Amino acid sequence: MKNAPLVVIAIGGNSLIKDAKHMTVLDQYLAAGETSHHIAALVKDGYRVVVTHGNGPQVGFILMRSEIAKTQLHQVPLESCVADTQGAIGYQVEQTLLNELRRQGIRRDIVAVVTQVVVDAADPAFTNPTKPIGPFFTKEDAELHREKDGWAVKEDAGRGWRRVVPSPKPLEIVEERVIEALLNSGVVVIAVGGGGIPVVRRVSGDLQGCAAVIDKDLASCLLAKNLKADIFVISTGVDKVAINFGKPDQRFIDKMTVAEAERYLREGQFPAGSMGPKIEAAIDYLKHGGKKVIITQPHLIEDAIHGRTGTHIVP
């Protein structure tokens, strides 16, 4: 399997939570199963496959449970929330993909790797936390958390107050060699869930978890670069990337170069809160030797790999 083409597939939130009426664990399991059906087709076609995933809502659920139970139980550290979701979501993807392959008569081992990602303790993000997570609070409760737990809190668009945390740049994937060895042995790997468990490396060399979240697409990009993946797939909620999105002159893009992607990014076509990080990850991957990035919906992954849909970004 070592010479088989490698595809890194970053699945987004819509692969687990379709809408506000389908958010239970069972709903998420069923949604993961639908995505696994399309990933199985790539395994059947002979690709080596790494699946990465988001975890924003799931971390929010854990933090909300922790808040509700705060008079009875300890608070859950953010890095532990990321680890918890890597296990839970990894289990869902692992089991549904294993079942799908079995139904198709394909025997492949699948494993979810609890993955740590090193960030720089001096990253500017730590002095300017901007990523809102978890439930909404009243101003009074938010101030209490600031004083008692050391949280940074901000008012969120008139909806209430929320905890905000740093989102530092991913620098190193601790379990990368393990992931590569598994892939070369023919194992389908689920890794870097939620961008990875954020850790810093102390002067002693020891690793230590930190209260931060890492962008899933940037961490997936780092993995794709370091593994020299042949294709980097970013699944999202649209068939194709569009410019002038939502306007009368909206236009979907079938193919664009890095130079075109950079120009559109400068023009503000891809907002920071939606498509921007995906395009930035695509550009970074391609500038470091990557061959192709595909952005599309989960159920279109197989068609997109074969060039029938999706937005294809090339060097």
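The values are calculated or read from the model by the stated rules, or taken from the named source; none is laboratory data. Keep in mind it's a predicted model, so treat the numbers as computed, not measured. Glycine gets a Cβ as well: all are built from the backbone with ideal geometry, and neighbour counts include every protein chain shown.
Based on what the data block shows, is Gly237 touching a residue at least 60 places away in the same chain (Cβ under 8 Å), within 17 Å of the chain's Cα centre (by Cα) and farther than 23 Å from Arg48 by Cα?
Against the criterion (touching a residue at least 60 places away in the same chain (Cβ under 8 Å), within 17 Å of the chain's Cα centre (by Cα) and farther than 23 Å from Arg48 by Cα), Gly237 qualifies.
Of all residues being buried (at least 19 other Cβ atoms within 10 Å of the Cβ) and of a type outside the set (Asp, Glu) in the stretch 259-282, which is farthest from the chain's Cα centre (by Cα)? Just the residue, please.
Ala261
Test each condition in (1) assigned to a helix (DSSP H, G or I); (2) buried (at least 19 other Cβ atoms within 10 Å of the Cβ) for Ala181 and report the one that comes out false.
All conditions pass for Ala181, except number (2).
Just one of Thr52, Thr85, Thr71 is loosely packed, with under 15 Cβ neighbours inside 10 Å and either of a type in the set (S, T, N, Q) or at pLDDT 95 or above (or both); which is it?
Thr71
Those residues that are under 22 Å from Thr127 (Cα atoms) and among the acidic types (Asp, Glu), I need them from the stretch 201-216; list them, please.
Asp215
Out of the residues in the stretch 26-62 that are assigned to a helix (DSSP H, G or I), over 12 Å from Glu302 (Cβ atoms) and among the β-branched types (Val, Ile, Thr), which is farthest from the chain's Cα centre (by Cα)?
Going through the qualifying residues, I end up with Ile62.
Which of (1) touching a Lys or Arg at 6+ places or on another chain (Cβ under 9 Å); (2) at pLDDT below 95; (3) not β-branched (Val, Ile, Thr) does Gly273 not meet, given it meets every other one?
Every condition holds for Gly273 apart from (1).
Restricting attention to the stretch 102-118, which residues are farther than 15 Å from Glu176 by Cα and among the β-branched types (Val, Ile, Thr)?
Answer for the stretch 102-118, where residues must be farther than 15 Å from Glu176 by Cα and among the β-branched types (Val, Ile, Thr): Ile106, Ile110.
Please identify the pairs in which a residue from the stretch 8-29 that is over 14 Å from Gly194 (Cα atoms) and β-branched (Val, Ile, Thr) has its Cβ atom under 6 Å from the Cβ atom of a residue that is modelled with pLDDT of 85 or more and surrounded by fewer than 18 Cβ atoms within 10 Å (Cβ to Cβ), counting only partners at least 6 apart or on another chain.
From the stretch 8-29, the pairs are Ile17/Met23; Ile17/Pro57.
Looking only at the stretch 96-140, which residues are farther than 29 Å from Ser36 by Cα, surrounded by 15 or more Cβ atoms within 10 Å (Cβ to Cβ) and β-branched (Val, Ile, Thr)?
The answer is Val119, and nothing else.
Looking at Asp149 and the list (1) in contact (Cβ under 8 Å) with a residue 12 or more places away in the chain; (2) closer than 30 Å to Val43 by Cα; (3) surrounded by fewer than 22 Cβ atoms within 10 Å (Cβ to Cβ), which single condition is not satisfied?
(2)
Every residue, every condition in (1) farther than 25 Å from Pro298 by Cα; (2) buried (at least 17 other Cβ atoms within 10 Å of the Cβ); (3) free of Cβ contacts under 8 Å to residues at least 60 places away in the same chain; (4) not small (Gly, Ala, Ser), yes or no:
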| residue | (1), (2), (3), (4) |
| --- | --- |
| Val192 | no, yes, no, yes |
| Gly195 | no, yes, no, no |
| Ala212 | yes, yes, no, no |
| Leu227 | no, yes, no, yes |
| Ile231 | no, yes, no, yes |
| Lys255 | no, no, yes, yes |
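Looking at the structure I just gave you, is Lys287 charged (D, E, K, R) and under 30 Å from Pro166 (Cβ atoms)?
It is true that Lys287 is charged (D, E, K, R) and under 30 Å from Pro166 (Cβ atoms).
Does the stretch 159-173 hold any residues that are surrounded by fewer than 18 Cβ atoms within 10 Å (Cβ to Cβ) and either at pLDDT 95 or above or at positive phi (or both), and which are they?
Gly160, Lys169, Leu171, Glu172 - these are the residues of the stretch 159-173 that are surrounded by fewer than 18 Cβ atoms within 10 Å (Cβ to Cβ) and either at pLDDT 95 or above or at positive phi (or both).
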